[in-house]
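Structure first, commentary second.
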Amino acid sequence: MQRPIGVFDSGVGGLNVLKYCTELLPDESFIYLADEANMPYGNKPEDDIARAAFACADKLFSLNCKAVVIACNTATVTAVDRIRALYSTRVVVGLEPAVKPCVKELGKNGYAVALVTDATFASDRFSRLLESCDKRVVPLASPKLAKLIEDNQDDITRIKPYLREVFEKYGDAEAVILGCSHYSYISGLISEIYGGKIKIYDGAEGAARRLKYCLELSGLTAKKGECKPTIKFLSTYKK
Ligand code: DGL
């Protein structure tokens, strides 16, 4: 039987990463795990996030996954090194804000806003990423946003007034970097707030490309026609 690829996030955010993975790797099977019991990750202490992320990776590897994608910026900055250390022979791909591609394309005097969760904002890994871009990326933490997106899937436009407040001081930004996988659901709203005059960067496609590369490098890519690809969805839930 073809071994699946595991993808996890605290909730629905990682589904966008899954979408790019399935497009790029159409012969692969996937298991998506939404850790709803621990959502939101972004407001939790580092150890709690790491523990939750470990449990997800462990569950997916125990289901015979050949690779795990951490489709969550918060879990990646907090736990990717430790998960890789523990599963040193496995493919583990993280999700990082697309800071570098954005900075490459910024105009001479332009700046970008990197919208992230509180935990990502406070992390060393994110600080190191920003250090490399000469203060041209302004980090902005939004504590409530991921949960609001998770809870307003039926009508995401409800959160537009809140989003306006978030971006109020950054009307002259040239670009917005989506530093949380949940934020892919609001790229249209952000574009509307900026009257269409904003570039939006998302790390999701980059993570899918990295997964493809790692599978090829490890000789783990599924062969075309070998098996019928499937996608399974799992979720943890609050007791
Ligand atoms: N989707 C996650 C991320 O990419 C975090 C959302 C949450 O706070 O649970 O950072």
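Where does the chain land on the Kirkwood hydrodynamic radius, alpha-carbon pairs, in angstrom?
Answer for the chain: a Kirkwood hydrodynamic radius of 18.1 Å.
If one computes the Cα centroid of region 111-151 and of region 24-97, what distance in Å separates the two points?
Comparing the Cα centres of region 111-151 and region 24-97, I get a distance of 19 Å.
Give me, ordered by chain and number, the residues 5 or more places off Lys199 or on other chains with an amide H under 5 Å from its own placed amide H.
Sorted by chain and number, the residues that satisfy this are Ala175, Val176.
Report the extension gain between Ala85 and Lys100 in nm, rounded to one decimal, defined as 0.36 nm multiplied by the number of residues separating them, less their alpha carbon distance.
Values: separation 15, 0.36 × 15 = 5.40 nm, distance 2.53 nm.
Gain on stretching Ala85 to Lys100: 2.9 nm.
Among 71-82, 92-103, 212-223, how do they line up by average Cβ neighbours within 10 Å per residue, starting with the highest?
Details: 71-82: 27.0, 92-103: 22.5, 212-223: 13.4.
My ranking of the peptides, most packed first, is 71-82, 92-103, 212-223.
Which is farthest toward the positive dipole end of the chain among Tyr237, Ile31, Ser184, measuring Cα position about the Cα centre, with Cβ charges +1 (Lys, Arg) and -1 (Asp, Glu)?
The residue sitting farthest along the positive end of the dipole is Ile31.
Relative contact order for region 126-211: what is it in percent, counting Cα pairs under 8 Å that are at least 6 residues apart?
Values: 50 pairs, mean separation 22.7, N = 86.
Computed over region 126-211, the figure is 26 percent.
Taking only Cα atoms, what is the 0 to 90° angle, nearest 10, from helix 46-62's long axis to the longest principal axis of the chain?
Rounded to the nearest ten degrees, it is 30.
When only C-alpha pairs under 8 Å and at least 6 residues apart count, what is the relative contact order of the chain, in percent? Working shown, then result.
Values: 437 pairs, mean separation 72.8, N = 239.
Relative contact order of the chain: 30 percent.
Quick one: what are the phi-derived ³J(HN,Hα) couplings along region 10-15, Karplus 6.51/-1.76/1.60 with θ = phi - 60°, whole Hz, x for glycine and proline?
Here the 3J(HN,Hα) series is 5, x, 7, x, x, 4 Hz.
What residues have an amide H closer than 5 Å to that of Ser235, excluding those fewer than 5 places away on the same chain, when H is modeled at 1.01 Å from N in the peptide plane?
Ala34
In nm, what is the difference between 0.36 nm times the number of residues separating Leu217 and Asn109 and their Cα-Cα distance? Walk me through the numbers on the way to the answer.
Values: separation 108, 0.36 × 108 = 38.88 nm, distance 3.94 nm.
Stretched out fully, the Leu217 to Asn109 stretch lengthens by 34.9 nm.
What FRET efficiency comes out for the pair Gln153/Leu24, r = Cβ-Cβ distance, R0 = 25 Å, nearest 0.05?
Working: r = 25 Å, r/R0 = 0.99.
In this case the efficiency is close to 0.50.
Given charges of +1 on the Cβ of Lys and Arg and -1 on the Cβ of Asp and Glu, with all other atoms neutral, how large is the dipole of region 122-239 about its Cα centre, in debye to the nearest 20?
Numbers: 21 positive and 16 negative charges, 95 e Å.
So the dipole magnitude of region 122-239 works out to roughly 460 debye.
Residues with amide H under 5 Å of Phe30's amide H, sequence separation 5 or more or different chain, H placed in the peptide plane at 1.01 Å from N; which?
Ile5, Thr230, Ile231, Lys232
Using all Cα-Cα distances in region 143-239, what percent lands in each 5 angstrom bin from 0 up to the longest?
2, 10, 16, 17, 15, 11, 10, 10, 6, 2, 0
Note the angle between two axes, namely the Cα long axis of helix 204-217 and the longest principal axis of the Cα atoms of the chain, as a number of degrees from 0 to 90, rounded to the nearest 10.
That helix lies at roughly 30 degrees to the long axis.
Placing +1 at every Lys and Arg Cβ and -1 at every Asp and Glu Cβ, with all other atoms neutral, what dipole size does region 1-95 have around its Cα centre, in debye to the nearest 20? List each step's numbers first, then the result.
Working: 9 positive and 11 negative charges, 49 e Å.
Its charge dipole is roughly 240 debye.
Using Cα atoms only, what is the angle between the long axis of helix 73-86 and the major principal axis of the chain, expressed in degrees (0 to 90) to the nearest 10?
Helix 73-86 sits at roughly 30 degrees to that axis.
Report the calculated FRET efficiency for Asp124 and Leu63 (r = Cβ-Cβ distance, R0 = 25 Å), to the nearest 0.05. All intermediate terms of the calculation are to be shown ahead of the outcome.
Values: r = 31 Å, r/R0 = 1.25.
Result of the calculation: an efficiency of 0.20.
Bear in mind that the values in this text are calculations on the coordinates, not laboratory data. Just so it is clear, the model here is predicted, and its values are computed rather than measured. As a convention, Cβ positions derive from the backbone with ideal geometry for all residues, glycine included, and neighbour counts pool all protein chains shown.
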